Every structure is written in C-alpha cells, then in structure tokens.
Amino acid sequence: MKTLLYMGSLASLMILNSCNLQEEMETDDFQWQIDRFEDVKVLRYKIPSWENLTAKQRVFAYHLNEAGLSGRDIMWDCNYRHNLEIRKILESIISNETIDHSTQEYKDFEVYAKRVFFANGIHHHYSNMKFEPNFDPNWFSATLVTLDLKLSEEAHRAIFDSEFDPKKVNRADGVDLLLESAVNFYAPDITQLEAEDFYSAKKDLDPERPMSHGLNSRLSRDNNGALYEEVFSETGRYSKSIKQIIKHLENAIEVAENNGQAEALELLIKYYQTGDLSIWDEYNISWVSNTDGDVDYINGFVEVYNDPMGYRGSYETIVQIKDFDASERMAVVADNVQWFEDNSPIDENHKKESVVGVSYKIVEAAGEAGDSSPSTPIGVNLPNANWIRVEHGSKSVSLGNIEDAYHNSSGKGMSREFSFSRIHQERAEKYGELGSKMHTALHEVVGHASGKINPGIGTPKETLKNYSSTLEEARADLVALYFILDDKMQQIGLMDNKEAGYAEYDSYISNGMMLQLRRILPGDDIEEDHMRNRQLVASWAFDRGVKSNTIERKFIDGKTYFVINDYDQLRIYFGELLNEIQRIKSEGDFEAGRSLVENYGVKVDQNVHAEVLRRSEPLNIAPYSGFVNPIMTPIRKGYSIVDIDIEYPKNFLAQMMYYGRDYSFE
C-alpha cells in the first residue's frame, strides 16, 4: 500500500504549491522545479545522504536502480496495449533533427508528448481519462509520412478517437469493470464475470496463506476461447525486460551489504525466472525480515490500484537510503504499534492480539521507476499479502527527501485563498508540515498494520472486490486521524501539543470536501481510490457532524468553507467510521462497503466543484507534481565499477528520451 501526496489540502499546499515557475523555485542555489505543462509541474529531489554511503553501498544502489529502470517498458504496456507503439513514435519525432521545433504545431505536440511521458501512457496517471490530443492531426500525419514512420490504424485511433478506450480504469458502479477499462491486464474482450469465474475456481493449498493469484500476469484468451494467464517471467511475457532486471539484480548481490539482502535478492531473481507466486511469498518474508543495512529497495509487481478487479500488480521500483537521524526520531511509532492496536476504537474481536515485525524508517529516494515515477508516493507499507503481515510483519517508509522537495518548491497561494481565517492559515503555516508527516507515519505504520480478518473470510480483493483499495486507504487514514489527536503522540515525543493534529484535521476536511476536486473535470465522478477514500471520510464525517455543529459549512462573501468547531467530537466520529470500515473488512461485507463508497466517495457536488475551479484558476497552481530522477554514472577502474557519481538533471523531456533510448527492451 502506498500514500500519495494529496495536493490540494491546505497543509499540503503549504508544502507543495507555487503560483508559477518563477515563484519560490530555488533555495540554497538548488532549482527544485524544472518544468510545467498543463496540470503538471516537474520537480527534482536531492539525496542528502548519498555522500555518507561507502563506495560499495553506492554501487549497490546503482545496480538496484538499473534493475528498476530495465522494467520501465512493462509498466507502459500494462497501462495500455498501444502505449509502447505510440511512445516510440513520439520519441522518433522528438529526436529527429529535421523537425522544426519552433513551430506552434510542434510545441503543441510536445506538450501532449510530455503528458504521455509523465503518465507512462496516453491515459492520465490519476484521473485515468485519455488525454485529448491538442495538436494538429494533419501536421502529425504529414510528419509520419515525412519521417517514414508507421503507426498502426488502431494506435492512431487510440490517440484521436475520444470514444475509443477512453478510460484506463473504470470503477463506476454497474458497469463491466473489464470491458469498460482499457488497462492491459486483461485481453480486451474478457468480461468481468469471466475473470471472476476464472479466479473463483482457483483453490489454495493453504487457505490461511493464500497466494496473490494474478499478481504477475495478464489474463488472456487462447484460440479455443479458454482463459489463461500470461505470466511475467524470464521465459514468459516481458522476458526481454525481465532478463535485464535479473542481470542487474545479480550484480547487486555481489555488493549487497549483508547476507540477508543477498538471500532476499536471490529469491527475487528466482521469482522473476519462474513467475512462481509461492516464491514471491518466500521473497517477501525474507525481504520484510531483513531490516539491516542502509540501502533498501522495492521491486516487483506490487500495487493493484491499476487493476479494476484488484488482482494484478503494477511494476514499480524505489531505491532508498536510510535517513539515520529522522529514522531514529520516528522509530517510536513502530515501537508503540501494539499500544495503538490495543487502544484502537475498533471492535475487540477485530484487533490483533500481537502485531509483529513492524519496522518504520524515514528514507531518501535515490531512484524510482515504473508506477513510482515520475509521479511518486510519499509513503509505502509492504508487503500487501495480509497473512504475511500478520505472521511476519511489514516495512513502512516515508520518503523524506520527496516531502522536502515538495516543501522547498512551495508557495502560499492556495492556503491564503481557502483558509477560513488567519488563525487557520497561520496554524497551517506553522504546523501543517508536521501534521502531514505524522499522518503519513500513522497511516503507513499503524493503519495498514492494524486489524484482522475473521477466520474463514476471504481476502479483501475477493470479498470487497473493486471497493477494497478505497476502503483500505480510508481505514488507514482513519487510524491516522484518530490517533494524531491522542495524548500518546505527546507522551512519546512526536508532538509538543495538538496544534499539528488540528492543522491536519483542517487540511483533511477541506481537501476531502473541496480542494481535491481541482483534479477532475466538471461533471465527472471521482474514480481514483485515494480521492474516493478522502471524500468518503470527509463527507461521512460532515454528514455525521453537521447536526451537532461539529463541522459547519459557511458562506462568506460568496465563498464556501468547511469549518471544524469541535475537534474532539470529530475525532469520536472518525473512530466510529474506523470501527465500521474495519468491521466491513473483517467480515467481508461487500454491500456495506459498496454503500459507503458509492454514497460518500463517488458523486461530486457540482456547485462546490465549480467554485473550487473558479477560485483556484487565478492562482495558476498545478494540481499534480512529479519528479525527474538523479542520474547515476559509474566510475570504472578497468572493467570494475568502483564508485557512482550523481547528477541532478534539469530537463524532464531529455530524461524521458534518455530512458526511451537506453531502457527500452520490449
């Protein structure tokens, strides 16, 4: 599970946003923002601890990063079946020196290309809607002829026909989730019912330790009409990329920091070689058990947000370096995870008697690829298999340097516009960053590690189906919201007072009720899981608290504000909702889960949406951010790599072209 930065909330906007490319983009002579197009700004991040590593550790990080980049094509193809063909056409046009880059036709085309590169495909990385090609189609066709480039008829249609495969992932209630989703985890003609029947027929040898069926495969249809899985492995689908991944992982083993790291990597290689999901489980147990070392990583087919049915993991990698000082300060969260479980407001029957193996570190991202780049999470908690988490524990990380990059590229425009009063604005400025970080820590470490599923109840992807991810993120958010105002946070030294908690409550309600709506088009429903979860929590709490005046909707000078009048009572309401969502997960209550999401998390108040767009437009603040990655260059002595040099690039398009040239294997 991952935490995405929800740009739009007041506290986060204190960390994230600036009004334009020239405003507050440089601190300490480092340029944080390097590009802006449409609804995206592109940032850079530093790796402050890079020089504190030994040369051997830097070489280890390099090989892990090379392994990650080698699987980049997998993410593109899984997102949509025509993405790779389209991307290669875009790269060919951009790299051709005979094309006049000064024309408006080319400039419009380049903006489209940047959007595609940022999203790893032709559908928006967050809304899932297909990009509108706001460039001259006649210029494009003529350019293809001039350069003798061939684009298939269906790929051409995918770019220009707005009705053809319009949405990568469609979770709308009542539709066929597969036929209405363009994501390439399933052959285009496979129905939701067929896929459900296919997986319901699978039986686990040990029902208490179920395998993650479908995680590393595409569900396809053979010539006789039967369904089968195309497994992602060295001898299966994406074999060319996976062979490269394996090669670099083998190199990483040679410079691993300890035997535990080497043993986990050997299992990961074996998993890539065979595609055997039982080996994936073995690997995760080995990986989560090894908390030694200064360099760690995430690598594999991990999060299932891009699968409307919640089976298939998107390829992603993060190479991470431990932030020693920050990790030591925050270790107290993991040390007290049993206390949090024991004092949770959920039913006693749904609590874990013993929360084991939970670790938490503040890390610095050193390189990202696949589903983690260019748009990156700020927190991750893995593994996702519930039985492994129960028996062996989990690793949680916050990407501290990513959060710092957001903070250093910040401006105050949105906070000034949407804060109800100067008191709220000053609180956000003083405590918003701390509140956001505490929320992330509690969400990842305590939230995802808490609670248990009743005996005999299936996994959430089986019981809660397409609502499982939304409900899980809501559950983890509610754990964070409930405990951020607990006296325990001051007792263990993480907060001096409750002001950071109040700032986070203000931020969460404002974002869930209003500000995140900047991310969707007028008339659209909310589709993305994290957005659904935030609106669900905020709107349920408002509905619950409006009669008691706990939360009040105020209109001042034609502007809407959602104002919290009683933070302690709101905390009680958060606890009530947490208890209900935990019950839904523990009991596998699909109808109750569906009702919560559909009634509170999907539909948008069109008047509020229009107001948010109107008020935010003059501020010219991009609602989405992402990153270029540092470039690691080997320093060689003879045939051996002895150290790694780091460079922080300043050109997003150049990095995308470099990746396309050097890391394209499919």
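The values are calculated or read from the model by the stated rules, or taken from the named source; none is laboratory data. Computed from a predicted structure; not experimentally measured. Because the Cβ atoms are built from the backbone with ideal geometry, glycine has one as well, and the counts that use them run over all protein chains shown. Note: accessible area is taken over every heavy atom of the protein model, side chains too, but ligands, DNA and RNA are not part of it. Shrake-Rupley method; radii C 1.70, N 1.55, O 1.52, S 1.80 Å.
Loop-only check: which chymotrypsin sites (Phe, Trp or Tyr not before Pro) in the stretch 606-652 are DSSP coil with at most 14 other Cβ within 10 angstrom? Before the final figure, lay out each step's value.
On the way: sites: 624, 627, 639, 652; in loops: 639.
Of the chymotrypsin sites (Phe, Trp or Tyr not before Pro), the ones in loops of the stretch 606-652 whose Cβ has at most 14 other Cβ atoms within 10 Å are 639.
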Quiz prompt | Residue-level accessible surface for residue 279, protein heavy atoms, 1.4 Å, Å² | solution = 10
Quiz item: How much space per residue, in cubic angstrom, does the convex hull of the C-alpha atoms of the chain take up?
Solution: 157
Quiz item: So how much accessible area does residue 237 have, in Å² to the nearest 10, using a 1.4 Å probe?
Solution: 50
Practice problem: Specify whether the C-alpha gyration tensor of the stretch 245-380 places it in the rounded, prolate or oblate class, a ≥ b ≥ c being the square roots of the eigenvalues: rounded for a/c under 1.5, otherwise prolate if a/b is larger than b/c and oblate if not. | Solution: prolate
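Counting only heavy atoms of protein chains, what accessible area per residue, in Å², does the stretch 318-444 have with a probe of 1.4 Å?
Working: 4200 Å² over 127 residues.
With the other protein chains kept in place, the stretch 318-444 gives 33 Å² per residue.
Please report the carbon-and-sulfur percent of the accessible area for the stretch 360-505; probe 1.4 Å, protein heavy atoms only, DNA, RNA and ligands left out. Please list the in-between numbers first.
On the way: 1780 of 3970 Å².
Of the solvent-accessible surface of the stretch 360-505, carbon and sulfur hold 45 percent.
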Quiz prompt | Mean projected area in nm² (Cα convex hull; one quarter of hull surface) for the stretch 131-247 | solution = 11.8
Practice problem: Pull out a ≥ b ≥ c, the square roots of the eigenvalues of the alpha-carbon gyration tensor of the stretch 195-240, then state rounded if a/c is under 1.5, prolate if not and a/b is larger than b/c, and oblate in the remaining case. | Solution: oblate
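Please find the FRET efficiency linking residue 354 to residue 325, where r is the Cβ-Cβ separation and R0 is fixed at 35 Å, and quote it to the nearest 0.05.
Numbers: r = 30 Å, r/R0 = 0.86.
E between residue 354 and residue 325, to the nearest 0.05, is 0.70.
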Self-check item: Cross-link table 41/240; 46/412; 240/585; 247/395; 107/437; 395/465, entries beyond 29 Å C-alpha to C-alpha
Solution: 41/240; 240/585; 107/437
Quiz item: Residue by residue, what Karplus-based ³J(HN,Hα) values in Hz, rounded to whole numbers, does the stretch 368-382 have, using 6.51, -1.76 and 1.60 with θ = phi - 60° and x for Gly and Pro?
Solution: 9, 7, x, 5, 9, 8, x, 7, 10, x, 10, x, 9, 10, 9
Quiz prompt | Förster radius 41 Å - calculated FRET efficiency between residue 250 and residue 30 (Cβ-Cβ, nearest 0.05) | solution = 0.70
Self-check item: Estimated vicinal HN-Hα couplings, Hz - the stretch 65-77 in sequence order (Karplus 6.51, -1.76, 1.60; Gly, Pro = x)
Solution: 5, 4, 4, x, 5, 5, x, 4, 4, 4, 4, 4, 6
Quiz prompt | Ordering of 339-345, 170-176, 60-66, 605-611 by packing [mean C-beta count within 10 Å, highest first] | solution = 60-66, 339-345, 170-176, 605-611
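Please give me the summed charge of the neighbours of residue 509: other residues whose Cβ is under 11 Å from its Cβ, Lys and Arg +1, Asp and Glu -1. Working shown, then result.
Values: positive: 534, 553; negative: 504, 506, 552.
Charge balance in the 11 Å sphere: -1.
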Quiz item: Which percent of the accessible area of the stretch 22-92 is formed by carbon and sulfur heavy atoms (probe 1.4 angstrom)?
Solution: 40
Exercise. Could you tell me the largest-minus-smallest coordinate of the C-alpha atoms of the stretch 328-395 on each of the three principal axes, in descending order and whole angstroms?
Key: 42, 28, 22
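What number, in percent, do you get for the relative contact order of the chain if the mean sequence gap of Cα pairs under 8 Å and at least 6 apart is divided by its residue count?
Numbers: 1257 pairs, mean separation 148.1, N = 666.
Rounded, it is 22 percent for the chain.
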Quiz item: At a 1.4 Å probe radius, carbon and sulfur cover how many percent of the accessible area of the stretch 521-562?
Solution: 48
Exercise. Once you have the Cα-Cα distance between residue 557 and residue 88, take 0.36 nm times their residue separation minus that, and quote the gain in nm to one decimal.
Key: 163.7 nm
Practice problem: Give me the distance in nm between label points sitting 7 Å out from Cα along the Cα-to-Cβ direction at residue 163 and residue 243, one decimal. | Solution: 4.4
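For residue 230 and residue 492, what does the FRET efficiency come to when R0 = 35 Å and r is the distance between their Cβ atoms, rounded to the nearest 0.05? Please list the in-between numbers first.
On the way: r = 49 Å, r/R0 = 1.39.
Efficiency, rounded to the nearest 0.05: 0.10.
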Self-check item: For the stretch 224-235, 3J(HN,Hα) per residue [Karplus equation, 6.51 cos²θ - 1.76 cosθ + 1.60, θ = phi - 60°, Hz, x = Gly/Pro]
Solution: 9, x, 7, 7, 8, 9, 8, 6, 7, 7, 4, 10
Quiz item: Expressed in whole Å with the largest first, what are the equivalent ellipsoid semi-axes of the stretch 536-651 derived from the C-alpha gyration tensor as the square root of 5 times each eigenvalue?
Solution: 45, 25, 15
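By how many nm would the segment from residue 604 to residue 416 lengthen if fully extended, with 0.36 nm per residue of separation less the alpha-carbon distance? Before the final figure, lay out the partial values.
Working: separation 188, 0.36 × 188 = 67.68 nm, distance 2.40 nm.
Stretched out fully, the residue 604 to residue 416 stretch lengthens by 65.3 nm.
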Quiz item: By the gyration tensor of its Cα atoms, with a ≥ b ≥ c the square roots of the eigenvalues, what is the shape of the stretch 320-442: rounded for a/c under 1.5, prolate for a/b over b/c, or oblate?
Solution: oblate
Quiz item: Taking 0.36 nm per intervening residue step and subtracting the Cα-Cα distance, what contour gain separates residue 52 from residue 650 on full extension?
Solution: 212.9 nm
